[in-house]
1. Counting each DSSP H run of 4 or more residues in the chain as -39500 (n - 2.57), what helix-only mean residue ellipticity at 222 nm follows after dividing by all residues, to the nearest 500 deg cm²/dmol?
2. Cross-link partners among lysines for residue 78, C-alpha distance below 29 Å, same-chain residues fewer than 8 apart left out?
3. When the Karplus curve 6.51 cos²θ - 1.76 cosθ + 1.60 is applied with θ = phi - 60°, which whole-Hz ³J(HN,Hα) does each residue of segment 129-143 get, with x for Gly and Pro?
4. Which one, 35, 70, 60, projects farthest toward the positive side of the charge dipole computed for segment 18-78 from Cβ point charges (K/R +1, D/E -1)?
5. Could you state the accessible area per residue of segment 26-173 in Å², with a 1.4 Å probe and every protein chain left in place?
6. Given an 8 Å cut-off on Cα distances and at least 6 residues of separation, report the relative contact order of segment 118-170 as a percent.
7. Under the Karplus relation 6.51 cos²θ - 1.76 cosθ + 1.60, θ = phi - 60°, what is the ordered set of whole-Hz ³J(HN,Hα) values for segment 31-43, x standing for Gly and Pro?
8. What relative contact order, as a whole-number percentage, does the chain give when Cα pairs under 8 Å and 6 or more residues apart are counted?
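The values are calculated or read from the model by the stated rules, or taken from the named source; none is laboratory data. What you are looking at is a predicted structure, and each value in this text was computed from that prediction instead of being measured. Because the Cβ atoms are built from the backbone with ideal geometry, glycine has one as well, and the counts that use them run over all protein chains shown. Note: areas computed on protein heavy atoms with side chains; ligands, DNA, RNA excluded. Shrake-Rupley method; radii C 1.70, N 1.55, O 1.52, S 1.80 Å.
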Amino acid sequence: VKKRDLHAWRITIFAMLIGCRFSDAANLRWGQVDFERKTVSFVKTKTIARVIPVGDELLSFLKEFGPGLPKDRVFLSKHGKAYGEAPNTLKTAVDALKLNEGRAANERFSFHNLRHMAATDLARALPLRDLMDYMGWKTPAMALRYLHGNEEAQRAAIDNREKMLNMKTPVEE
């Protein structure tokens, strides 16, 4: 994607790291990026407005091409226009790599899958409430779609419980 269109790559990388919807990234203004507090505010979203923390790497990435004026969009197409839809460059790259070959229509990779990928990764590290707040979900049902059992964690937990219970038979006196 980067080779074909640097601007499309920027919005793609941002969405992949943050896990935001395309519309959230496309509508993001420089005034919503707080370099001091290290946050990004999504104000007009499909669900709920939210302020999320971001890391130094992402802020450095944004500084490479900004900041602009507070009302300026962070991401513009290579023609300097606002994005109305996800850049076709990602789809072109996916097609060139044949990533969707042989997949059913509902299993095909799209820009929105970047959000699902981020949610899955974040679900491994964040408690339910934090995941809901970060991703902008109103109900736990949405977040629970991304929380998967962890057999290793379950084994560690039961091992710790067994140690607490000291299940050895006491020696008779």
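1. Numbers: 8 runs with 74 residues, N = 173.
Per the formula, -12000 deg cm²/dmol.
2. Straight-distance partners of residue 78: 2, 3, 38, 44, 46, 63, 91, 98.
3. 4, 5, 4, 4, 5, 5, 7, x, 9, 7, 10, x, 4, 5, 5
4. 70
5. On the way: 10570 Å² over 148 residues.
Heavy-atom accessible area per residue stands at 71 Å².
6. Details: 22 pairs, mean separation 15.0, N = 53.
Worked out over segment 118-170, it gives 28 percent.
7. x, 8, 9, 9, 5, 6, 7, 6, 9, 10, 9, 9, 9
8. Working: 182 pairs, mean separation 41.8, N = 173.
For the chain, the relative contact order is 24 percent.
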